Amino acid sequence: MKRIRQMKRSTRNSWFTYTLVVAAFAVVQLLRTFQDGGIGAMLEGQLIPICAYVTMAVSLNLVVGISGELSLGHAGFMSLGAFAGSAMAIALQDTVALSPLRLALAMVFGAIVAAVLGFLIGIPVLRLNGDYLAIVTLAFGEIIKSIVTNVYLGVDANGLHFSFLSNSNELADGGAELIRGPMGVMNSQRISTFTAGFILVMIALIVVFNLVNSRSGRAIMAARDNRIAAESVGISVTKYKMMAFVVSAALAGAAGTLYGCSQTTFAATKFDFNTSILILVFVVLGGLGNMWGSVIAATALTILPEALRQFSNYRMLVYAIVLILVMLATNNPTLKQFFSDLFARLGGKRAEKGGAAE
Amino acid sequence: MNVMNFLNYLISGISLGSIYAIIALGYTMVYGIAKMLNFAHGDVIMVGAYICFFVMSGLSSAALPPFAAPILGTLVAMVVCTVLGVVIERLAYKPLRQAPSLAVLITAIGVSYFLQNAAQLLWTSSPKYFTSVVGNAQLTLFDGRLTISAVTLLTIAVCIIIMLALTTFTNKTKMGKAMRACSEDKGAAQLMGIDVNRTISVTFAIGSALAAVAGVLFMSAYPSLTPTTGSMPGIKAFTAAVFGGIGSIPGALLGGLLLGIIETFARAYISTELSTAIVFAVLIVVLLVKPAGLLGKTVREKV
């Protein structure tokens, strides 16, 4: 206990997050093994999407919370990862028999594709700031969606076949269509597992925490807090913002592959503006720069609409009201004061700053 | 390339652009004064269109002079949207006046979800077919080689009227002056005796009334009405506002028109599937050359 107190706050924070994720994974696995009927079909089907969304939220938090740039097109990177990764998984079907290895290779490929595109997009995007940067990321998200919707990709003995806008790929016998334009990926391999999702979440957290608590991470935060002051002490703002942006894109790509390989079929329209917004909601609700907040918010808000199924038609309405009320409760000065007084009285000690967020 | 086709596309581009411009005004005025991106604006358009639809179909059997039903419908829609805009501002945005802008953005998204889902519960998700407010009348020029529908003409005319009225309002009236003062510096405006909260409410009211008009015009051109109808024109109009320089009223007009024209030409001459991508690509190029939009003011950072 004493050692925990002596730890640096950042170290304590990251270990708390790791413990939280590992504990959640252990509990779910135990329930799945020992409880009759597992954790219920509803939750069972949500496990891999939850892992994908948690990774998305953590990666977006790196851009929005740590680097301080509002991105409204994060689903675009997820889309790139999902398509590139799933296509890779199908292409490797015969070469790599072991499905976890194939998934890992696909994820690495998805992450690389997203990172390269993230770098290319980052060059123009990071020249802007504020709301203009936000609208350009939104624009890139929509462009990625439109382009991916029109890509046709097939593979056969002669190699890869690619065509754009209309399907003119002539595949030899035994060839497989990887991506079919607006229909998306039709015969995706369902090789994602909950364990793979858990490992991805852990990797994402380790990468993000190590980046944030490093020299580069401090430079990123310095550039966020005061661009001019950071530049004046010799920090290359563009370089560090780009670092956060590319790392975030790569993680989102891997999350996309995880998601893509858990569905039998998916189309580019799945990763639209609304998905970007959904992930942004996780980040803001969990707290900017607060990784365990993102983990909890992403999990809770992915389960919430499913758990509200009994209200059938009213569920999204309830979701919207909950969202508004939570934002009001955590940000309105009067309500914030009320909650922190309440917590102070309940806890019998001085409420910490931001106590209402708990 | 045929000249008449070109003209035809140009006119329909201007008409679509006029609708974007009217919606973009709502975004740009609210942004100029409250410094927030009101993502629920697109859904106010949808509510306005539904209200007009129900008033018009309710009055369809009554014996009224021609154009009475559409005019009544539009007026009722404007009143309802104005009230809605003010109520949303009072309940959801006003408590967050001091909060970080991201919190307000997420709240706006919450309001947008709320409006969409409330509309789905009230009016179901099956599309309603909106009858054009001016019927299917057409204007034929050059021996029938160029036809312009009445809706197109009406849209362009309404857009011009709104622009003139709004420019006069912000430049000549006391409230307009208060708005300009608030967008410059809220604190200083308050010290000069301007009721900042009331000014913001009025801005929301005007923006929402314009959204109702835009909804009616948009639906007259593209008649299928569903609870999610508002989101795509909402995003496009937001893009238009940024394109022209967010916070600037002439910028909203210019951005809206250019966006509409580019979209129509891209659809006609390049590819229907890629028209949205082309619009956004042009936006990115413009923002790289002029980072504050076409007519936006570049604010120099002071150290």
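Kirkwood radius, the protein assembly as shown, all distinct C-alpha pairs, inverse of mean reciprocal distance: 26.6 Å.
Taking the highest mean first, how do the peptides B:103-112, B:85-94 order by number of other beta carbon atoms within 10 angstrom per residue?
B:103-112, B:85-94
For peptide B:242-248, the mean count of partner chain Cβ atoms within 10 Å of a residue's Cβ comes to 2.
Expressed as a whole percent, the proportion of Cα-Cα pairs in region B:92-209 lying more than 25 Å apart is 54%.
How well do other chains shield peptide B:226-235, expressed as the mean number of their Cβ atoms within 10 Å of each residue Cβ?
1
The accessible-area ordering, largest first, of the residues A:VAL201, B:VAL158 stands as B:VAL158, A:VAL201, per a 1.4 angstrom probe.
Computed packing ranks the peptides A:105-113, A:203-211, A:39-47, A:231-239 as A:105-113, A:203-211, A:39-47, A:231-239, most packed first, by mean other Cβ atoms within 10 Å. Taking amide H positions as modeled 1.01 Å from N, with prolines and chain starts lacking one, no residue 5 or more places away or on another chain lies under 5 Å from A:PHE271. Excluding ligands, DNA and RNA and using a 1.4 Å probe, chains A and B jointly bury around 3700 Å² of accessible surface, summed across both partners.
Over the C-alpha trace of region A:1-94, radius of gyration and Dmax come out as 18.1, 54 angstrom. For region A:2-290, the extents of the C-alpha atoms along the principal axes are 63, 52, 31 Å, listed from largest to smallest. Ordered from longest to shortest, the equivalent ellipsoid semi-axes for region B:228-296 are 20, 14, 10 Å, each the square root of 5 times a Cα gyration tensor eigenvalue.
For region B:219-303, trypsin sites (Lys or Arg not before Pro) meeting the loop criterion (DSSP other than H, G, I, E, B) and having at most 14 other Cβ atoms within 10 Å: B:LYS297, B:ARG300, B:LYS302. Protein heavy-atom accessible surface, 1.4 Å probe, per residue over region B:3-289: 41 Å². Overall shape of chain B was characterised from the C-alpha gyration tensor. The equivalent ellipsoid obtained from it has semi-axes of 31, 25, 18 Å, in decreasing order.
The relative contact order of chain B comes to 37 percent, based on Cα pairs under 8 Å that sit 6 or more residues apart.
The phi-based Karplus calculation (6.51 cos²θ - 1.76 cosθ + 1.60; θ = phi - 60°) puts the 3J(HN,Hα) values of region B:222-235 at 10, x, 7, 10, 10, x, 9, 3, x, 5, 5, x, x, 5 Hz, whole numbers, x for Gly and Pro. For region A:276-301, the residues whose backbone nitrogen is under 20 Å from a point 7 Å from the Cα of A:LEU325, taken along Cα to Cβ, are A:281-282, A:284-287, A:297-301. Judged by the mean number of other Cβ atoms found within 10 Å, the most tightly packed of the peptides B:211-220, B:6-15 leads the ranking B:211-220, B:6-15. Which pairs, out of B:LYS35/B:LYS177; B:LYS174/B:LYS297; B:LYS172/B:LYS297; B:LYS35/B:LYS186; B:LYS35/B:LYS297; A:LYS336/B:LYS94, put more than 19 Å between their alpha-carbon atoms? Beyond 19 Å between Cα atoms: B:LYS174/B:LYS297; B:LYS172/B:LYS297.
Computed from backbone phi, the HN-Hα couplings of region B:80-94 come to 4, 5, 4, 4, 4, x, 5, 5, 4, 4, 5, 7, 9, 9, 4 Hz, rounded to whole numbers (Karplus: 6.51 cos²θ - 1.76 cosθ + 1.60, θ = phi - 60°; Gly and Pro given as x). Take each residue in A:258-264, count the other chain C-beta atoms within 10 Å of its C-beta, and the mean is 0.
If I fit a long axis through the Cα atoms of helix A:131-149 and take the longest principal axis of the Cα atoms of chain A, what angle between them do I get, 0 to 90°, rounded to 10? For helix A:131-149, the angle is close to 30 degrees.
Using the Cβ-Cβ distance between A:THR33 and A:SER166 with R0 = 56 Å, the FRET efficiency computed as 1/(1 + (r/R0)^6) comes to roughly 0.70. Computed on protein heavy atoms with a 1.4 Å probe, the accessible areas place B:ASP43, A:ASP225 in the order A:ASP225, B:ASP43, largest first.
Taking the helices alone, chain A has a mean residue ellipticity at 222 nm of -22500 deg cm²/dmol, built from -39,500 (n - 2.57) per DSSP H run of at least 4 residues and averaged over all its residues.
The values are calculated or read from the model by the stated rules, or taken from the named source; none is laboratory data. Worth saying up front: this structure is predicted, and the values here are computed from it rather than measured. Don't worry about glycine lacking a Cβ; one is built from the backbone with ideal geometry, like all the others, and counts go over all protein chains shown. Side chains included, ligands, DNA and RNA excluded: accessible areas come from the protein's heavy atoms. Shrake-Rupley method; radii C 1.70, N 1.55, O 1.52, S 1.80 Å.
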